1. Just subtract the alpha-carbon distance of residue 118 and residue 227 from 0.36 nm times their residue separation and send over the number in nm, one decimal.
2. With each pseudo-label sitting 7 Å past Cα toward Cβ, what's the residue 126-residue 14 distance in nm, one decimal?
3. Rg/Rh for segment 12-77: what does it come to with C-alpha atoms and Rh from Kirkwood?
4. At 0.36 nm per residue, and after removing the present C-alpha to C-alpha distance, how many nm does the segment from residue 6 to residue 76 gain when stretched out fully?
5. How high is the relative contact order of segment 5-143, in percent, with contacts defined as C-alpha pairs under 8 Å that are six or more residues apart?
């Protein structure tokens, strides 16, 4: 008989905490932005205000938000550790998690870019170009994070594969906002060129070039982040799909 693992059902508050944390990671709520009221959040998530408050306390305990009570209170997203040395130590401690996520992203997002080139329609191409414009117009980390997520999720949607799209969204939401450690202008200059190359290849229906451009973009982003932390080298995951993107399944 096949061994089965015990089912562990998380508490509702833990699920809400995870949902809100992922929303913050993908830029749905920017640093300094106030979350919706408890009443509105509870209604949106379909939970009680007691459950929501437990989730907010967990987020506050982990430094994601600051909550103030009273008539003018509410929960505001923090910008993370203010001390640069503390931020650097925190990110270095989680570098293996970052490497694993980026390696996974390289595989699935290069495959999504290749599929998007052959499956996208004109409306999806317009969405890609709009998000590219938003990236170019970004004037803050918050603007950049929102536009960056919109671009990558638009590529995933254009691939017309719900499993790929879900995997890409999940990987991006698991990121611990490492881009905040990079100088903003470094992010902007690098992203203009890289995202533009991906968009151009998808527009021209060149799947192999789209996959290669996406793979190079994600590798470059990972290398820039490591360099910003003073870490050289790292995981060099290279699969048949990334070496020969035209042959990816």
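1. Taking 0.36 nm per residue and subtracting the Cα distance, the gain is 35.7 nm.
2. Here the modelled spin labels are 4.5 nm apart.
3. 0.92
4. 21.5 nm
5. 21 percent
Quick note: the coordinates plus some simple rules give every number you see, no bench work behind them. Note that the structure is a prediction, hence the values are computed from the model and not measured. Positions of Cβ are backbone-derived with ideal geometry, glycine not excepted, and every protein chain shown enters the neighbour counts.
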